[in-house]
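Chemist: Attaching a single structure in structure tokens format; questions to follow.
The values are calculated or read from the model by the stated rules, or taken from the named source; none is laboratory data. What you see is a predicted model; the values in this text were computed from it and never measured. Using ideal geometry, Cβ is built from the backbone for each residue, glycine included, and neighbour counts are taken over all protein chains shown.
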């Protein structure tokens, strides 16, 4: 499965992408607000293997895409990943994620990929609601959620224990009718 945007190809991740993913998954600045710390190449490979297997399950619940540049001197370069996981299919809700290599921050790639993923989630898959679960200290990800038309629904205080400390969580969400009403 592939999704094209103006500047990106969103394609299924494969285990051969482990080294490309590990470039940003081992960067302490990139993983600062993720639930995991810096990953080794073996850990990146194991994550990819789990998601490749999960993507083959019927009904499909995991959609994990490589973000690949289409139109620059770096054409074909994997710069990040984005996707979503459907909870219970009957609930028609998914949780979205994104991560991008530091050298590509601030160029609008994540909102571009996010719009394509939301179009797929609400269109082809018929989902009702998509959420994003963010660390409140990650202002850049909060801006991405807002650019995607998501509304902030909650701020949970010290609700998860990550990397040796209690951390807060922000929940952003958008409904299918909200997505449809904001598209031209």
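Chemist: Right, residue 126: part of a loop (DSSP other than H, G, I, E, B), modelled with pLDDT of 95 or more and more than 27 Å from residue 106 (Cα to Cα) or not?
Modeler: Values: part of a loop (DSSP other than H, G, I, E, B): yes; modelled with pLDDT of 95 or more: yes; more than 27 Å from residue 106 (Cα to Cα): yes.
So residue 126 fits the description; yes.
Chemist: Filter the stretch 1-19 down to the residues that are in a strand (DSSP E or B) and free of Cβ contacts under 8 Å to residues at least 60 places away in the same chain, then identify the one that is surrounded by the fewest Cβ atoms within 10 Å (Cβ to Cβ). Can you show your working first?
Modeler: Just the residues of the stretch 1-19 that are in a strand (DSSP E or B), to begin with: 2-4, 8-12.
Still in the running and free of Cβ contacts under 8 Å to residues at least 60 places away in the same chain: 2, 11-12.
Values: 2: 10, 11: 16, 12: 15.
So, considering only residues that are in a strand (DSSP E or B) and free of Cβ contacts under 8 Å to residues at least 60 places away in the same chain, the one surrounded by the fewest Cβ atoms within 10 Å (Cβ to Cβ) is 2.
Chemist: Do you know which residues across the stretch 78-108 are within 13 Å of residue 7 (Cβ to Cβ), surrounded by fewer than 15 Cβ atoms within 10 Å (Cβ to Cβ) and either at pLDDT below 95 or in contact with a helix residue (DSSP H, G or I) (Cβ under 9 Å, 6 or more places away or on another chain) (or both)?
Modeler: 108
Chemist: Looking at the stretch 139-172 only, could you name the residues that are touching a residue at least 40 places away in the same chain (Cβ under 8 Å), in contact with a helix residue (DSSP H, G or I) (Cβ under 9 Å, 6 or more places away or on another chain) and more than 16 Å from residue 119 (Cβ to Cβ)?
Modeler: Taking the stretch 139-172 as the starting set, the residues that turn out to be touching a residue at least 40 places away in the same chain (Cβ under 8 Å) are 141, 144, 160, 162-163, 171-172.
Right, trim to in contact with a helix residue (DSSP H, G or I) (Cβ under 9 Å, 6 or more places away or on another chain) and you get 141, 144, 172.
Result: 141, 172.
Chemist: A further question on this structure: Pick from the stretch 21-46 the residues that are touching a residue at least 24 places away in the same chain (Cβ under 8 Å) and in a helix (DSSP H, G or I): which of them is farthest from residue 134 (Cα to Cα)?
Modeler: 45
Chemist: Moving on to the next point. Please go through the stretch 64-95 and pick out each residue that is in a strand (DSSP E or B) and free of Cβ contacts under 8 Å to residues at least 60 places away in the same chain. Give the steps one after another, and end with the answer.
Modeler: So in the stretch 64-95, the residues in a strand (DSSP E or B) come out as 64-69, 78-86, 93-95.
Result: 64, 66, 67, 79, 80, 83, 84, 85, 86, 93, 94, 95.
Chemist: Oh, and also: Take the stretch 125-176 and flag every residue that is out of contact with any strand residue (DSSP E or B) (no Cβ under 9 Å at 6 or more places or on another chain), surrounded by 11 or more Cβ atoms within 10 Å (Cβ to Cβ) and farther than 18 Å from residue 31 by Cα.
Modeler: Scanning the stretch 125-176 gives a single hit, 147.
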